[in-house]
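To start, the structure under review is shown below, and the notes come after it.
The values are calculated or read from the model by the stated rules, or taken from the named source; none is laboratory data. Because the structure is a prediction, the values reported are computed rather than measured. So basically every Cβ, Gly included, is an ideal-geometry build from the backbone, and we count neighbours across all protein chains shown.
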Amino acid sequence: MSSEPASTKSAEELFQEGLAAGRLSDHAAALEAYKQAVKIDPDHFMAQFNLGIRYGKLRMNLDAAKCFREALRLKPESPMVHYSLAVVCNLIGETEGAFDHYKEAIRINPEFGKAHSNLAMLYYSVKRGKETIHHLLAARDMFQKTGDEFMAKNAIDLLQECCREFNLTEDECRTL
């Protein structure tokens, strides 16, 4: 990193420094660079988003949620921001927020396999079998389509277990 004082750098330069520090697994430097970038430009979407990611990696989930909400303010149609906020909401006990943001990520990108998979697990946690199986079916199909064999096999295994547990067939759950 350069020895130039942060105050003379642009938000984009600081964002790039955060990326470089992150690639080196220097969490403290990445966090500081992203914080400085959003201090200079609170509307720097990628700095806000990456700050949320970095907080999440450090298990600072309340801070991550705050950053993802800011990123969402800047780009409300970003399925990845909704997905990331859903993950963090679930971790901090905001279950309804998690449901809402997974659903919104899927509305924006119906082929978002991981969002379907995580939403299925959230529905499973509240024992809503039809919804669980419905989203596992979508996840399986997306993972197979993208060639993610590990995740596809995981979805297939979970589908079998959930169909048995909830006494439902795949056909009964294709539509909600």
Residue among Y83, Y123 that is of a type in the set (S, T, Y) and closer than 18 Å to L176 by Cα: Y123
Count - residues of region 131-176 that are within 15 Å of E111 (Cβ to Cβ) and either touching a residue at least 60 places away in the same chain (Cβ under 8 Å) or β-branched (V, I, T) (or both): 1
Which residue, of A155, A138, is in contact with a Lys or Arg (Cβ under 7 Å, 6 or more places away or on another chain) and buried (at least 18 other Cβ atoms within 10 Å of the Cβ)? A155
Inside region 18-29, can you point out the residues that are buried (at least 17 other Cβ atoms within 10 Å of the Cβ) and either modelled with pLDDT of 95 or more or more than 11 Å from R54 (Cα to Cα) (or both)? G18, A21
Test set (1) in a loop (DSSP other than H, G, I, E, B); (2) under 22 Å from F45 (Cβ atoms); (3) of a type outside the set (D, E, K, R) - A71 fails condition number: (1)
Search result, residues across region 108-117 that are in contact with a helix residue (DSSP H, G or I) (Cβ under 6 Å, 6 or more places away or on another chain) and crowded, with 16+ Cβ neighbours inside 10 Å: I108, N109, F112, G113, A115, H116, S117
Scanning region 128-144 for residues that are more than 20 Å from the chain's Cα centre (by Cα) and of a type in the set (K, R) gives R128, K130
Condition check for E77: assigned to a loop (DSSP other than H, G, I, E, B) and under 15 Å from the mean Cα position of the chain (by Cα): yes
Tell me, which helices (runs of 4 or more DSSP H) lie completely within region 11-68 with 3 or more residues that are touching a residue at least 12 places away in the same chain (Cβ under 8 Å) and over 22 Å from A86 (Cβ atoms)? 11-23, 27-40
Tell me the residue from A155, A98, A105 that is small (G, A, S), in contact with a His (Cβ under 6 Å, 6 or more places away or on another chain) and modelled with pLDDT of 95 or more, please. A105
Got a sec? Which of A105, A86 is crowded, with 17+ Cβ neighbours inside 10 Å, small (G, A, S) and touching a Pro at 6+ places or on another chain (Cβ under 9 Å)? A105
